[in-house]
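Data block below; observations after.
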Amino acid sequence: MANTILFKADSRGRADHGWLKSFHTFSFAGYHNPNRMHFGALRVLNDDYVAAGNGFGTHPHSNMEIISIPLEGVLAHKDSMGNNGVIRPNEIQVMSAGSGVEHSEFNGSDTDAVKFLQIWLFPNKDNVTPRYDQIQIDPQDRKNKFQQIVSPNPEDAGTWIHQDAWFHLADIDQDKELKYSFKGEGTGLYLFVLEGEVDVLDHTLSRRDAIGITDVSDIIIKATTATSLLLMEVPMY
């Protein structure tokens, strides 16, 4: 029988610095909740809004897999590996911090806000050589199906990370159902509703709600309205 844990949108931690508005699913910075430290290898899920002309100055990371998913606007990135550019919606950025890296993230526009998801996973090995990757994805490839954007295997679809985790996006029409089959052993699924509403395992989830699911091999997701989802299958520990 499936085990589930709900993460309602309004239960998230919130930071409002004016130029930065962020919702924290898990404990982060000034938000600490001992019951919300991580979901398996998934350590951080921040839903960020950065005002025009603002951003995060250069800061260090180590031994973390960092994934950025722009939702609106332009995100500018610069790091100590020599990467310097921008990321837009329908692009995915991955940075393996490994033995240590410094980077900055700024709004790449002087007029419009940028909205993006910042996601951190514990790696399956420490002190790897830092690496950076950025890929484009086709939104048509997630129309009523799962579009793989992250996996453990460089040969698979999407980009890859140092962890046995699989990320998928899906855009589902109203009243359509999709079946998701787990890929790993001993993994859990964190399903995050970007927009819309779905029914899954007798729960109804709305915009920015989420559910953690373990102890099953597959699930059925039904969209009760036009819906966009992010699914993150991660090791549980």
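The values are calculated or read from the model by the stated rules, or taken from the named source; none is laboratory data. These figures come from a predicted structure and were not determined experimentally. Using ideal geometry, Cβ is built from the backbone for each residue, glycine included, and neighbour counts are taken over all protein chains shown.
Kindly provide the set of residues from the range 51-93 that are farther than 16 Å from V150 by Cα, among the hydrophobic types (A, V, I, L, M, F, W, C) and part of a loop (DSSP other than H, G, I, E, B), ordered by number. Of everything in the range 51-93, those that are farther than 16 Å from V150 by Cα, among the hydrophobic types (A, V, I, L, M, F, W, C) and part of a loop (DSSP other than H, G, I, E, B) turn out to be A51, A52, V74, M81.
Looking across the range 104-119, the residues that are buried (at least 21 other Cβ atoms within 10 Å of the Cβ) and either closer than 13 Å to H61 by Cβ or at pLDDT 95 or above (or both) come down to E105, V114, F116, I119.
Identify, please: which residue in the range 121-146 is part of a strand (DSSP E or B) and closer than 17 Å to L169 by Cα and is, among those, farthest from the chain's Cα centre (by Cα)? First the steps, then the outcome.
First, the residues of the range 121-146 that are part of a strand (DSSP E or B): 121, 131-136, 143.
Then keep just the ones that are closer than 17 Å to L169 by Cα; that gives 134-136, 143.
Values: Q134: 14, I135: 15, Q136: 16, K143: 19 Å.
Among those that are part of a strand (DSSP E or B) and closer than 17 Å to L169 by Cα, it is K143.
Give me a count of the residues in the range 147-181 that are over 15 Å from the mean Cα position of the chain (by Cα), aliphatic (A, V, I, L, M) and more than 30 Å from D126 (Cβ to Cβ). Within the range 147-181, residues that are over 15 Å from the mean Cα position of the chain (by Cα), aliphatic (A, V, I, L, M) and more than 30 Å from D126 (Cβ to Cβ) number 2.
Among the residues making up the range 15-40, those that are closer than 29 Å to N84 by Cβ and either polar (S, T, N, Q) or assigned to a loop (DSSP other than H, G, I, E, B) (or both) are H17, G18, W19, S22, A29.
Please go through the range 18-40 and pick out each residue that is touching a strand residue (DSSP E or B) at 6+ places or on another chain (Cβ under 9 Å) and either in contact (Cβ under 8 Å) with a residue 60 or more places away in the chain or on the phi > 0 side of the Ramachandran plot (or both). F23, T25, A29, H38, F39, G40, listed by residue number.
The rows are residues; the columns are (1) β-branched (V, I, T); (2) more than 11 Å from Q134 (Cβ to Cβ); (3) without any contact (Cβ under 8 Å) to a residue 12 or more places away in the chain.
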{"position": "K78", "(1), (2), (3)": "no, yes, no"}
{"position": "N83", "(1), (2), (3)": "no, no, no"}
{"position": "N90", "(1), (2), (3)": "no, yes, no"}
{"position": "V94", "(1), (2), (3)": "yes, no, no"}
{"position": "S99", "(1), (2), (3)": "no, yes, no"}
{"position": "F106", "(1), (2), (3)": "no, yes, no"}
{"position": "D110", "(1), (2), (3)": "no, yes, no"}
{"position": "L117", "(1), (2), (3)": "no, yes, no"}
